[in-house]
1. Taking the stretch 48-68, which residues are surrounded by 12 or more Cβ atoms within 10 Å (Cβ to Cβ) and assigned to a loop (DSSP other than H, G, I, E, B)?
2. Residue 45 - would you say it is modelled with pLDDT of 85 or more, open to solvent by less than 50 Å² (accessible area, probe 1.4 Å) and not basic (Lys, Arg)?
Amino acid sequence: AGRIIVSNRARLFEASEIEQFRKRFIRGSSTSPGSGLGLSIVDRLLAQIGATLELQSKPRADGAVFEAIVSFQP
């Protein structure tokens, strides 16, 4: 219904940490290669087409999950 949800198991993030992920060149504590541009680019492109990107971290019984939710306007 106009939404795409991408989720991964991760540690539980604070809201202030999650908002940092939208900024260019910001990465989590990963040691994997990369420049930290991914979510910044996605956020900008979605805004240009009138869609939104919501980022959230939720606790689960087996740890936590990080979700990126893309919502499109009808």
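1. Listed by number, the list holds a single entry, 51.
2. Here the answer is no, as residue 45 does not meet what is asked.
The values are calculated or read from the model by the stated rules, or taken from the named source; none is laboratory data. Keep in mind it's a predicted model, so treat the numbers as computed, not measured. Here Cβ is always computed from backbone atoms with ideal geometry, including for glycine, and neighbour counts include all displayed protein chains. Ligands, DNA and RNA are stripped out before the accessible areas are found, and what is left, the full protein with its side chains, is counted by its heavy atoms. Shrake-Rupley method; radii C 1.70, N 1.55, O 1.52, S 1.80 Å.
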